[in-house]
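Everything below concerns the one structure shown next.
The values are calculated or read from the model by the stated rules, or taken from the named source; none is laboratory data. As the structure is a prediction and not an experimental result, all values here were calculated from the model. Here the Cβ positions follow ideal geometry from the backbone for every residue, glycine too, while neighbour counts run over all protein chains shown. Each accessible area value is taken on the protein alone, full model and side chains, heavy atoms only, with ligands, DNA and RNA left out. Shrake-Rupley method; radii C 1.70, N 1.55, O 1.52, S 1.80 Å.
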Amino acid sequence: MTLTTTARGNISALAAQRIATEERGGARLTAASLSAPATILVAIGLLIPLVILFRYSLNEFVAQRKMMVEAVTLANYVKFFTDPYYTNVLFRTLRVAITVTAICLVMGFPLAYVLARTQSRFKNLLIMLVVLPLFVGNAVRAAGWMTLFGSKGAINATLMGLGLISEPLEIMYTETAVIIGIAAVNLPFMVLSLQSVIEGIGRDVEEAAFSLGANPAAMFRRVLWPLALPGVLAGTILTFILGMNAYATPVLLGGPQFQMMGPLVYGQFAGVSNWPFGAAISFVLMTATLLLSVTANLIVQRRYRR
Amino acid sequence: MARLLLDHVSKRYGDFHAVRDVTLEVADGEFVVLLGPSGCGKTTTLRMIAGFITPTAGSVHLGESDVTTLPPWKRNAGLVFQSYALFPHLSVAQNVAFGLEMRRLGKADIAARVAEALRLVRLEHLAGRLPRQLSGGQQQRVALARALAIRPDILLLDEPLSNLDAKLRQEVRVEIRELQRQLGLTTVMVTHDQEEALTMADRLVVMNEGAVRQIGSQRDLYERPADRFVAGFVGRGTFLEGRIEGPGRFRTEGGLVVRCADGAAGSAVLALRPERLEIAAMPLAGVDNSLPGKVEFVSYLGAASDVHVRLSPSDRVIVQIANRGDGFTPEIGATVHIGWSAAAARLFPAGSVGHDA
């Protein structure tokens, strides 16, 4: 009796498994056809050029004739890491991207929280306002900042007019100007990533924490932050990548002396036609960005996902 | 555990009175249920006790202290939410430990009290699970254990059973009530379900439109409802509109004259209990009132049937009869006689449903 039941149980379990497998096979087929267009676009537009670029980064460059010569050498990478000028650019880029990300997180979290929790009927309008900076192109926005930051710009004019300073502050063409500029553009990405996650955290969970004796700081640390973590990670990585790869803002607000990785890559390709070195810098930039994003992700997840 | 006092508490949002002048005392160890339809102010009242809402007027006292303006985290109130509101990222044991960690108890103390709380709700074996791995009933018990672990001065239950299926709800009612008695917990529960309220409460507070309509025991509310709203909300009521013409004489809108208890002359509502009306094929002898009528509708409910009887073009009553298998079962269209004694009816001034602001 027991035997038969077990046997039948096994058979039906097997059958169920087979059906499940078939269903999964069907799902896989649909999933494949649905994701194909995007996959193909990414493959053609990104992966293939990357492979070619990587190959180029191993080539040699003959400066006199401005010509790329086929080779397999790490000379371009060695050049980057042995010349303090280039390593400084890398460190500056990292510093700017990290600072920008931190600013966006600190400023974006409260804003995202308010947006997520508001009962206002103007909520959609508020979200539009957050996205508003993205409606303005990079160059236009940077020009706007220039009118504000310049030695005769609005900030200096106001401060001098009030008699608070006698000499104009140097904001334009500094790291500060670049950081402010990039942070302002990246903030919407951070806010939207956080807002969607915070909206999914019930208000009653916060109230439960309060009723159990948690003050707002403890509630944030023990409940809101760990639950918002997926949004924090998404927003942070997005902002960091955008910061690492910024182009227009460092060029326009940083000026010719202020180099970051993005403009450096472009300069090698367009300015001095050194494709192999430009390709090597691209890969350094990409690797640094990826490594830091993944490491940060792992550390945070290990810390909070017990 | 402590005594709770709401002293003339009101909450206004602009022109909207969410709660009007509520005064209520809950004794140490007493189980009081706030009962009313949605929007009656019962949840707002509970949230004022918990500290999430500050009253516009009046004060809240817990034990010996005035907690009116104290934030929730400084009150010692254990709250069970309708949605349970468990922390999804923490295990069952961590959920229960949360309030104890906030109180900075030692590790050994916390472990002991978590184990004790989980034992009370019989969930020791699930301590390591995450909330999403539990059934609704189990989640509900974790929420209860979490609220009990902090040894609250007062236990607040916000529709704690409404997300459970009907059968489980009946079991959990009894469980919560037994636990409450055993621990001597001062408890305030909010519900719109009168059966739940009647089963669990020591005392009930019926609310409507932000105001308390009546406070009393189950028997008080059923036998001596304060107004038409309570008569209709606790138990069932069937009503005849009309006026009191003279001592003991009530004339319905449809012109029927019935004998009733004495009341002030003027427009009035006569409230009857469907289950206390007699129904027969012949005129009833020996009762104060016996009126003929026509059966318009019968609904069979298993243990009982509801018979809708038209007494006049503008008067209709519902009679509930027990289905014993041997009794009289009227058919639609049949002529029947309805009887009741004057003492079984209650009189309320007309228009007492709405709030007289």
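Restricting segment B:63-104 to residues that are surrounded by fewer than 17 Cβ atoms within 10 Å (Cβ to Cβ) and more than 9 Å from chain A (Cβ to nearest Cβ), the residue that is nearest to A:Leu224 (Cα to Cα) is B:Arg104.
Within segment B:274-285, residues that are over 15 Å from B:Phe328 (Cα atoms) have Cβ atoms under 9 Å from residues that are assigned to a helix (DSSP H, G or I) in these pairs: B:Arg276/B:Ala344, counting only partners at least 6 apart in sequence or on another chain. Regarding A:Leu47, is this residue surrounded by fewer than 12 Cβ atoms within 10 Å (Cβ to Cβ) and either of a type in the set (A, V, I, L, M) or in contact (Cβ under 8 Å) with a residue 12 or more places away in the chain (or both)? Yes; evaluated as a whole, the condition is true for this residue.
What helices (runs of 4 or more DSSP H) lie completely within segment A:197-265 and have 2 or more residues being touching a Leu at 6+ places or on another chain (Cβ under 7 Å) and facing chain B (nearest Cβ under 9 Å)? Once the helices (runs of 4 or more DSSP H) in segment A:197-265 are filtered for at least 2 residues that are touching a Leu at 6+ places or on another chain (Cβ under 7 Å) and facing chain B (nearest Cβ under 9 Å), what remains is A:203-211. Within segment B:1-22, residues that are assigned by TED's automatic domain parsing to the domain that holds B:Val188 and among the β-branched types (Val, Ile, Thr) have Cβ atoms under 9 Å from residues that are open to solvent by 70 Å² or more (accessible area, probe 1.4 Å) and in a strand (DSSP E or B) in these pairs: B:Val9/B:Asp21; B:Val19/B:Arg12; B:Val22/B:His8, counting only partners at least 6 apart in sequence or on another chain. Would you check if there is a residue in segment B:32-40 being open to solvent by 50 Å² or more (accessible area, probe 1.4 Å), assigned by TED's automatic domain parsing to the domain that holds B:Ala115 and farther than 30 Å from B:Gly128 by Cα? Looking through segment B:32-40, at least one residue is open to solvent by 50 Å² or more (accessible area, probe 1.4 Å), assigned by TED's automatic domain parsing to the domain that holds B:Ala115 and farther than 30 Å from B:Gly128 by Cα. Among the numbered conditions (1) surrounded by 22 or more Cβ atoms within 10 Å (Cβ to Cβ); (2) modelled with pLDDT of 95 or more, the only one that B:Gln140 does not meet is (2). If you go through segment B:206-221 and keep only what is of a type in the set (Ser, Thr, Tyr) and buried (at least 18 other Cβ atoms within 10 Å of the Cβ), you end up with nothing.
Does B:Val295 satisfy being free of Cβ contacts under 8 Å to residues at least 40 places away in the same chain, surrounded by 15 or more Cβ atoms within 10 Å (Cβ to Cβ) and among the β-branched types (Val, Ile, Thr)? Considered against the rule, which asks whether it is free of Cβ contacts under 8 Å to residues at least 40 places away in the same chain, surrounded by 15 or more Cβ atoms within 10 Å (Cβ to Cβ) and among the β-branched types (Val, Ile, Thr), B:Val295 comes out as no.
As a summary of the residue check, A:Leu115 satisfies the conditions (1) surrounded by 11 or more Cβ atoms within 10 Å (Cβ to Cβ); (2) in the same structural domain as A:Ala183 (by TED's automatic domain parsing); (3) outside any helix (DSSP H, G or I) except for the one numbered (3).
Only one entry in A:Val51, A:Val89 is assigned to a helix (DSSP H, G or I) and in the same structural domain as A:Val265 (by TED's automatic domain parsing), namely A:Val89.
Only one entry of B:Gly302, B:Gly327 meets the criterion of being on the phi > 0 side of the Ramachandran plot and not polar (S, T, N, Q), and that entry is B:Gly302. I'm told B:Glu124 meets every condition in (1) at pLDDT 95 or above; (2) open to solvent by 60 Å² or more (accessible area, probe 1.4 Å); (3) more than 30 Å from B:Arg12 (Cβ to Cβ) except one. Can you identify the failing condition by its number? Every condition holds for B:Glu124 apart from (1).
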